[in-house]
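The structure under discussion appears below in the form of structure tokens.
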Amino acid sequence: MDTLKHVINVLSAPQVSFLAAAIAFFFVFPPTDRFQSWNRRLRLDWLWTVKGGILLHALVIGAFFLSTLDPNFRAIVTKPDNVPIALLLFGTLFFLWLSMKQACDNDARLANDQKPNEYTDPSESKILVWPDLVYIELIAGILCMAALIFWSIALEAPLEEPANPTLSPNPAKAPWYFLGLQEMLVYFDPWLAGVVFPVIIIVGLMSLPYIDTEPGGSGYYSYSDRKLYVSLFMFGWLLLWVYLIIVGAFMRGPNWNFFGPYERWDLHKVVALTNINLSSLIWVKLLNQPLPDNIIIREMFGIAMLGFHFLVIPPLLAMTILKKFYARMGNVKYAVFMFLSMAAVSLPIKMFLRWTINLKYVVAIPGWFNL
Amino acid sequence: MADSKQDQADKLKAAGAGKAHGHVAKGHVASGDGQTRRSFISWVVVGWAAFAACMGGLATITMRFFAPNVLYEPQQTFRAGAVSEYAPGEVSTRWKSKFGIWIVRLDDRVVALSTICTHLGCTPNWLASEQKFKCPCHGSAFRMNGINFEGPAPRPLERHKIYLDDEGIMVVDKTVSFRQERGQWDEPESFVAV
Amino acid sequence: MAEEEKKDFWARFFGSYIWKSIFRVGIPRDRRGRLMQVLSNFFLHLHPVSLPKHAVKLKYTWCMGGLSFFLFIVLTFTGVLLMFYYRPTIEYAYNDVIDLRETTPMGIMREIHRWAAHLMVIAVWFHMFRVFMTGSYKAPREFNWCIGVVLLTFTLLLSFTGYLLPWDQLAIWAITVGSNMAAATPFVGQEGPGVALLSIGNVNLIGRTSDARFLLLGDTSIGAGALLRFYVFHCVFFPLIAVFFMVVHFWRVRKDGGISGPV
């Protein structure tokens with residue numbers, strides 16, 4: 001049992017678990033036809049059937065409750081402020097399954113030239129709001145209120161020590177819904193992680209309907225017709241948001257070190273994490289030379305990497321696997337779409353480099369631009 | 001089909017209107033009271049510019065309203081005792097909770113380090129066993145002299161003005177700070193020589 | 001005999017001048033009455049009178065949009081109640097929050113407020129997820145999706161500003177980090193990039209007492225000014241803006257063709 005726990009602790013280290021999740025992700029949520037055929041061959045779409053759903057939920061809920069037998073795990077997940085996170089996780093799993101199941105059903109219907117499940121023939125009479133909808137709203141409201149009151153009686157709202165401006169709690173955590181952002185703050189300068197990224201997320205979400213103007217899949221659950229968009233949305237939502245909330249809530253312990261789910265939160269865990277910039281990594285470690293004085297020459301590898309990522313890869317994709325997509329989108333929409341997607345992909349790349357080689361900045365121009 | 005025809009008709013109309021407009025604006029077609037259309041348009045521009053300027057001014061004043069003129073800050077200077085009270089190589093947390101200052105005795109000098117993490121303002125903890133300041137919020141770490149080496153902190157901790165008064169007691173003045181990345185750590189007021 | 005009298009009483013009650021002046025339409029007994037019920041009621045006029053079948057199915061809507069709104073109402077109600085006991089000053093805030101549980105009658109108001117706030121964040125997220133998965137952001141609902149994103153932002157802002165009010169360790173450090181991000185904003189924060197450009201001669205236009213963080217906190221550090229400001233943001237300013245966007249959001253749902261569905 002202890003060896004199993006130890007193995008899970010090791011595997012849950014972000015460099016392992018994130019990489020595994022990211023690779024598996026594209027097979028479970030295929031963005032292109034190629035991936036979808038792999039998805040079908042591996043029969044991964046079975047997850048979105050009733051049987052698959054039961055298995056999925058049983059596995060996750062079973063693993064969760066089995067884990068609560070472990071005192072370290074229990075100590076963390078049963079904090080009152082972590083209850084909403086558990087709620088969010090099970091809710092996400094359930095609604096993910098529910099929407100994907102309906103999407104797969106509709107995909108199958110559309111493939112057979114049938115209308116989606118949600119379709120109502122115009123000749124059918126409509127449902128009256130009074131009483132049918134009003135009663136549903138009433139019942140939903142009553143249930144919600146009852147649950148809230150029960151929850152409030154059962155669990156006291158947390159209140160910590162009085163504010164002390166000279167002593168930060170260890171670890172000091174943001175509200176759970178900002179844990180993704182707090183995690184970003186570990187890897188990027190505050191003006192990027194705290195200001196630019198939220199703005200990009202908000203503006204990116206707002207621009208979604210103006211980028212995805214394809215008429216298919218409007219008003220019913222579907223996947224196949226809009227797989228690229230759904231896949232990317234899921235990537236941002238599941239891997240960059242929910243995953244980072246899990247990491248931030250359950251796996252960041254004292255001194256903001258990583259701890260496995262069954263690891264004791266040891267105040268004195270020693271982790272050496274001396275940072276290194278890409279420039280010194282290449283110039284000093286690989287080329288055995290002193291850092292050049294000219295900033296542009298010093299940082300040219302990082303700038304080249306950034307340029308390749310944002311300026312070379314999108315046109316390459318447009319000429320190869322996204323050819324048809326590019327033709328449909330046109331220049332402007334494609335550029336905006338690619339900027340947002342490449343930005344979303346660049347986050348985990350930078351995080352991964354930090355986890356593995358302690359890379360601090362890809363481009364470091366102090367006072368101006370640190371990335 | 002009907003739609004596209006309608007569209008085309010609209011486009012034609014719009015194009016025609018644009019042309020006519022350009023033409024009239026170029027020529028000086030007098031209206032009833034001798035005022036040209038151009039001068040009318042320029043008055044409209046002036047009017048709107050004045051309106052925009054007023055709104056901008058109002059917005060600025062409103063923003064200014066949020067910046068108070070008088071601050072009630074806690075005491076910014078304090079006497080930190082004699083140099084001899086600090087052992088060589090010691091990081092003293094004596095003034096941490098009261099004034100937010102670590103007194104650090106390095107090899108050749110005593111400095112007053114700010115306890116504010118340069119990343120996002122949390123208070124790091126001094127881990128004596130690892131000889132580093134470690135911030136609990138995002139994992140930044142600083143060496144004893146204040147240089148950052150771990151985590152996201154973009155620059156070293158700030159040092160504050162420290163000097164000996166007439167009685168030979170060190171006084172720390174938090175209103176003046178010295179930053180390493182600006183080359184200020186060798187300024188005479190930033191340390192007390194040992 | 002008594003039964004008949006009772007019936008008579010209710011018939012007279014519902015037929016009375018006062019009742020009729022309040023509810024113009026009698027108790028709905030047929031299709032027309034039910035339509036009129038929705039049309040003639042201010043609180044129901046948010047709804048259309050009738051809906052396609054899939055619109056009332058839980059597995060389509062998950063009820064999340066409605067629950068978000070419901071939770072907002074719960075939060076407004078409990079929030080106003082809390083305001084009767086809570087004083088936003090450093091001396092009192094923390095003890096008032098303790099008193100809300102220990103000495104105030106119905107000592108779970110703060111609990112309801114806090115858990116409902118968490119629930120609302122979750123409900124808004126799931127609502128967005130549902131709208132995305134059903135492709136309901138597509139034409140003609142593009143702009144309403146944008147308003148929804150604004151509402152999501154304000155939900156988070158409301159929750160975040162409420163975080164400071166208990167004045168405990170969690171509060172002050174979350175706000176320390178949050179407000180220092182304001183200080184890192186390009187050009188308008190003193191730690192942000194580009195701020196050195198904004199100077200006249202040697203004088204910086206943006207400094208410790210003139211940057212975005214200072215405007216937010218009303219001070220150079222988190223103290224009485226910040227607590228009062230966040231209190232006003234949390235209780236008045238943000239809810240008002242959120243209500244404004246909500247009104248537009250709901251109105252646009254109707255004007256953009258009601259609930260989405262396949263054509």
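The values are calculated or read from the model by the stated rules, or taken from the named source; none is laboratory data. Remember, it's a predicted structure, so these values are computed and weren't measured experimentally. Using ideal geometry, Cβ is built from the backbone for each residue, glycine included, and neighbour counts are taken over all protein chains shown. With ligands, DNA and RNA removed, areas are computed over all heavy atoms of the protein, side chains included. Shrake-Rupley method; radii C 1.70, N 1.55, O 1.52, S 1.80 Å.
One table, with the values for the structure above:
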{"read-out": "Residues that are open to solvent by less than 60 Å² (accessible area, probe 1.4 Å), in contact (Cβ under 8 Å) with a residue 40 or more places away in the chain and more than 10 Å from chain A (Cβ to nearest Cβ), drawn from the stretch C:62-115", "value": "C:Gly65, C:Ser68, C:Phe72, C:Leu75, C:Gly79, C:Tyr86, C:Pro88, C:Thr89"}
{"read-out": "Hey, A:Ile296 more than 19 Å from A:Gly204 (Cα to Cα), in contact (Cβ under 8 Å) with a residue 40 or more places away in the chain and among the hydrophobic types (A, V, I, L, M, F, W, C) or not", "value": "no"}
{"read-out": "Among residues of the stretch A:313-332, those that are open to solvent by 60 Å² or more (accessible area, probe 1.4 Å) and in a helix (DSSP H, G or I), counted", "value": "9"}
{"read-out": "So A:Leu44, is it over 24 Å from A:Met100 (Cβ atoms), assigned by TED's automatic domain parsing to the domain that holds A:Phe259, open to solvent by 30 Å² or more (accessible area, probe 1.4 Å) and modelled with pLDDT of 90 or more", "value": "no"}
{"read-out": "Test: A:Asp189 is assigned by TED's automatic domain parsing to the domain that holds A:Ser37, open to solvent by 40 Å² or more (accessible area, probe 1.4 Å), in contact (Cβ under 8 Å) with a residue 40 or more places away in the chain and out of contact with any His (no Cβ under 6 Å at 6 or more places or on another chain)", "value": "no"}
{"read-out": "Pairs where the first residue, in the stretch A:242-261, is more than 15 Å from A:Ala174 (Cα to Cα) and the second is open to solvent by less than 10 Å² (accessible area, probe 1.4 Å), C-beta under 6 Å, 6+ apart", "value": "A:Phe259/A:Gly253"}
{"read-out": "Residue match in the stretch B:49-62 (condition: at pLDDT 90 or above and outside any helix (DSSP H, G or I))", "value": "no"}
{"read-out": "Helices (runs of 4 or more DSSP H) lying entirely in the stretch A:57-162 (those with 2 or more residues that are in the same structural domain as A:Asp45 (by TED's automatic domain parsing), hydroxyl-bearing (Ser, Thr, Tyr) and open to solvent by 30 Å² or more (accessible area, probe 1.4 Å))", "value": "none"}
{"read-out": "C:Val38 being part of a helix (DSSP H, G or I), touching a residue at least 40 places away in the same chain (Cβ under 8 Å) and either at negative phi or open to solvent by 20 Å² or more (accessible area, probe 1.4 Å) (or both)", "value": "no"}
{"read-out": "Residue list for the stretch C:88-125, filter: in a loop (DSSP other than H, G, I, E, B) and within 22 Å of the chain's Cα centre (by Cα)", "value": "C:Pro88, C:Ile108"}
{"read-out": "Members of the stretch C:204-214 found to be open to solvent by 40 Å² or more (accessible area, probe 1.4 Å) and either more than 8 Å from every other protein chain (Cβ to nearest Cβ) or part of a helix (DSSP H, G or I) (or both), listed by number", "value": "C:Asn204, C:Leu205, C:Arg208"}
{"read-out": "Residue check, A:Phe18 assigned to a helix (DSSP H, G or I) and open to solvent by 50 Å² or more (accessible area, probe 1.4 Å)", "value": "no"}
{"read-out": "Residue match in the stretch C:227-238 (condition: farther than 21 Å from A:Pro162 by Cβ, of a type outside the set (A, V, I, L, M), open to solvent by less than 30 Å² (accessible area, probe 1.4 Å) and within 11 Å of another protein chain (Cβ to nearest Cβ))", "value": "no"}
{"read-out": "Which listed residue, of A:Ile313, A:Ile321, A:Ile365, is modelled with pLDDT under 90 and within 30 Å of A:Pro215 (Cβ to Cβ)", "value": "A:Ile321"}
{"read-out": "Hey, A:Val203 more than 8 Å from chain C (Cβ to nearest Cβ) and either open to solvent by 30 Å² or more (accessible area, probe 1.4 Å) or not hydrophobic (A, V, I, L, M, F, W, C) (or both) or not", "value": "yes"}
{"read-out": "Some residue of the stretch C:189-203 being open to solvent by less than 30 Å² (accessible area, probe 1.4 Å), among the aliphatic types (A, V, I, L, M) and at the interface with chain A (Cβ under 8 Å from one of its Cβ atoms)", "value": "no"}
{"read-out": "Close pairs (8 angstrom Cβ cut-off, 6 or more residues apart or separate chains): of a type outside the set (Gly, Ala, Ser) in the stretch C:9-21, open to solvent by 60 Å² or more (accessible area, probe 1.4 Å) and part of a loop (DSSP other than H, G, I, E, B) anywhere", "value": "C:Phe14/C:Ile27"}
{"read-out": "Residues satisfying the stated conditions in the stretch A:224-241, i.e. within 21 Å of A:Val345 (Cβ to Cβ) and either more than 10 Å from chain C (Cβ to nearest Cβ) or in contact (Cβ under 8 Å) with a residue 40 or more places away in the chain (or both)", "value": "A:Lys227, A:Leu228, A:Val230, A:Ser231, A:Leu232, A:Met234, A:Phe235, A:Gly236, A:Leu238, A:Leu239, A:Leu240, A:Trp241"}
{"read-out": "Within the stretch C:126-149, tally of residues that are open to solvent by 30 Å² or more (accessible area, probe 1.4 Å), assigned to a helix (DSSP H, G or I) and in contact (Cβ under 8 Å) with a residue 40 or more places away in the chain", "value": "2"}
{"read-out": "Checklist (1) at the interface with another protein chain (Cβ under 7 Å from one of its Cβ atoms); (2) open to solvent by less than 30 Å² (accessible area, probe 1.4 Å); (3) not in a loop (DSSP other than H, G, I, E, B) applied to A:Leu244, failing item", "value": "(1)"}
{"read-out": "Sole residue being under 26 Å from B:Gln131 (Cα atoms), under 27 Å from the mean Cα position of the chain (by Cα) and in the same structural domain as A:Lys5 (by TED's automatic domain parsing), chosen from A:Asn255, A:Asn277", "value": "A:Asn255"}
{"read-out": "Test: residue in the stretch C:23-34 that is at pLDDT 90 or above, surrounded by fewer than 13 Cβ atoms within 10 Å (Cβ to Cβ) and at negative phi", "value": "no"}
{"read-out": "Qualifying residues in the stretch B:129-172 (those that are in contact (Cβ under 8 Å) with a residue 40 or more places away in the chain and in a loop (DSSP other than H, G, I, E, B)) - the one nearest to the other protein chains (Cβ to nearest Cβ)", "value": "B:Glu158"}
